[in-house]
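Sharing a structure with you now.
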């Protein structure tokens, strides 16, 4: 299964984040103002990469 990560340098931390809104498994979480992907919940579909307007979501090596 593919794994993904949110690059905090590219993420604008928008409360209306389209990645969070569109994730079918609701795997995008926020902690202390930083978004991250809960890989225990993520299905690996890659939709997050496609919908992020700031290219903050990247495929992760680990």
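Over segment 4-59, what relative contact order in percent results from Cα pairs under 8 Å that are six or more residues apart? Please report the intermediate quantities before stating the final value.
Working: 78 pairs, mean separation 27.2, N = 56.
So the answer I get is 49 percent.
Tell me the Kirkwood hydrodynamic radius of segment 4-59 in angstroms, computed as one over the mean inverse distance between distinct C-alpha pairs.
Details: mean 1/r = 0.0915 Å⁻¹.
One over the average 1/r among Cα pairs gives 10.9 Å for segment 4-59.
Can you give me the distance in nm between label points at residue 13 and residue 36, each placed 7 Å from the Cα along the Cα-to-Cβ direction?
About 1.5 nm separates the two model spin labels.
Grab the beta carbon distance between residue 55 and residue 25, set R0 = 22 Å, and tell me the FRET efficiency rounded to 0.05. Before the final figure, lay out each step's value.
Working: r = 21 Å, r/R0 = 0.95.
Result of the calculation: an efficiency of 0.60.
Which value at 222 nm does the chain reach when only helices count, each DSSP H run of 4 or more adding -39,500 (n - 2.57), with the total divided by all residues and rounded to the nearest 500 deg cm²/dmol? Kindly include the intermediate steps, with their values, before the conclusion.
Values: 2 runs with 10 residues, N = 62.
So the calculated ellipticity at 222 nm is -3000 deg cm²/dmol.
Any read-out appearing in this document is the output of simple, stated calculations on the displayed coordinates, not a laboratory observation. Because the structure is a prediction, the values reported are computed rather than measured. FYI the Cβ positions are ideal-geometry reconstructions off the backbone, even for glycines, and counts take in every protein chain you see.
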